[in-house]
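Quick note: the coordinates plus some simple rules give every number you see, no bench work behind them. If you're wondering where the values come from, they're calculated on a predicted model, not measured in any experiment. With ideal geometry, Cβ positions are generated from the backbone for all residues, glycine too; neighbour counts draw on all protein chains shown.
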Amino acid sequence: MEYFLRTARLGFRCWRDDDLALAMELWGDPEVTALIGGPFSEETVRARLAKEIAQMREYGMQYWPIFLLDGGEHVGCAGLRPYRVEERVFELGFHLRRAFWGQGLATEAARAAIEYGFRALRAEALFAGHHPRNEASRELLLKLGFVRTGEELYPPTGLMHPSYLMRRTEFQI
């Protein structure tokens, strides 16, 4: 498989129109989506896939699908989205399939996306947020070097989510 970005264990590629089955394995899983507004119907997952593809065309970024280099199994997605484009601030995000939780893959994928954002996309800063009950994401964002900046309403859950920022000047990878 052709990957535009690789880590020690992961390969990143762009979502394609024929990736609905992969998208359903990820965003159709109630455990994966429990803290991001799910569970999602096939129609919602189809719309999300189309949005990811459109963001790649328009902005050169998306939450890219990621795969194990050893065997090619689909792990989930990780990447960037437009956040405050005019200020070159992008949003970091990652969603992993349940079978891959607790293996350090989110950290590995997030580091690659951060580096890509600052180096290839010339981001000035990266934003991230998480569900208030998602302790694993909180710990990961702090470990990566993000600084808590407050809370922000996340419409899919209707809750105020803790929010974080990493500025270009703090980029240490």
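Descriptive notes on the structure:
- Electrostatic bookkeeping for E52 treats Lys and Arg as +1 and Asp and Glu as -1; over the other residues with beta carbon under 15 Å from its beta carbon, the sum is +1.
- The HN-Hα couplings worked out from phi for segment 75-84 by the Karplus form 6.51 cos²θ - 1.76 cosθ + 1.60 (θ = phi - 60°) are 9, x, 9, 7, x, 10, 9, x, 10, 10 Hz, whole numbers, x standing for Gly and Pro.
- Ranked by how many other beta carbons lie within 10 Å on average, peptides 32-39, 148-155 from highest: 32-39, 148-155
- Other residues with beta-carbon under 12 Å from the beta-carbon of L20 carry, at +1 per Lys or Arg and -1 per Asp or Glu, a net charge of -4.
- The chain - percent relative contact order, Cα under 8 Å, separation 6 or more: 17
- Mean residue ellipticity (222 nm) of the chain, computed from DSSP H runs ≥ 4 via -39,500 (n - 2.57), nearest 500: -9500 deg cm²/dmol
- Charge tally for A99 (other residues, Cβ to Cβ under 12 Å; Lys, Arg +1; Asp, Glu -1): -2.
- Ascending count of other beta-carbon atoms within 10 Å, so fewest first, for F146, F4: F4, F146
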